[in-house]
1. Just to confirm, what accessible area per residue do you get for the chain at 1.4 Å probe, in whole Å²?
2. If I model a spin label at Asn69 and Asp114 as a point 7 Å from the Cα along the Cα→Cβ vector, what separation in nanometres do I get?
3. Translational diffusion coefficient, Stokes-Einstein: compute it for segment 26-92 using the Kirkwood radius over C-alpha pairs as Rh, at 10 °C and 1.306 mPa s, and state it as an integer in µm² s⁻¹.
4. In whole Hz and in residue order, list the ³J(HN,Hα) couplings for segment 49-56 that follow from phi through the Karplus curve 6.51 cos²θ - 1.76 cosθ + 1.60, θ = phi - 60°; x for Gly and Pro.
5. Residues with beta-carbon under 10 Å from that of Ile41, excluding Ile41: net charge, scoring Lys, Arg +1 and Asp, Glu -1?
6. For the chain, what is the charge dipole size about the Cα centre, in debye to the nearest 20, if Lys and Arg each add +1 at the Cβ and Asp and Glu each add -1 at the Cβ?
7. Write down the radius of gyration of the chain and its Dmax, each obtained from C-alpha positions, in Å.
8. Could you please state how large a percent of the accessible area of the chain is carbon and sulfur, counting protein chains only and using a 1.4 Å probe?
Amino acid sequence: MLTAVNPPGSSWPGVSQGVVLKGSGVFVSTGHVGTDAAGEIITSTAEAQIVALFENLKATLSAAELGFNNVARMTCYVNSFDDEMMTTLRSVRARYWNQECPPSSVIVQAVLYDPRLLVEAEVLAVVP
């Protein structure tokens, strides 16, 4: 059985931010991006956008009664695989995970759903 997970105030009608596969012990998220509470894309800096992405992901995990310690895998889609982007992504990620963070993949995606977006991420987590 699938149980949709949406944090309070989720602004994406008709789309679940995540789903718990009941009985399997697995949570799967949709792609999360760096938006504010109103759903507007953060464009001030790459770091601010990536922090907002992680905060949005944190809210979805929390709505599923999970945390970053439950995440088994993360996939990031970036619009640029340059040193600055990767350094910023790694730096922000380290604020949410210790050095024993889960395996992560980074895939270059020419265009995300909005050209102002720099990165999108999704996770696979273990439900205790």
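The values are calculated or read from the model by the stated rules, or taken from the named source; none is laboratory data. Keep in mind it's a predicted model, so treat the numbers as computed, not measured. Ideal geometry is used to build each Cβ from the backbone, glycine not excepted, and the neighbour counts take in all protein chains shown. These accessible areas exclude ligands, DNA and RNA; they are computed on the full protein's heavy atoms, side chains included. Shrake-Rupley method; radii C 1.70, N 1.55, O 1.52, S 1.80 Å.
1. On a per-residue basis, 54 Å².
2. Between Asn69 and Asp114, the label points sit 3.4 nm apart.
3. The estimated diffusion coefficient comes to 124 µm²/s.
4. 5, 6, 4, 4, 4, 5, 5, 5
5. Combined, the nearby Lys, Arg, Asp and Glu give -2.
6. It comes to approximately 380 debye.
7. For the chain, the Cα-based Rg and Dmax read 14.0, 42 Å.
8. Carbon and sulfur together cover 54 percent of it.
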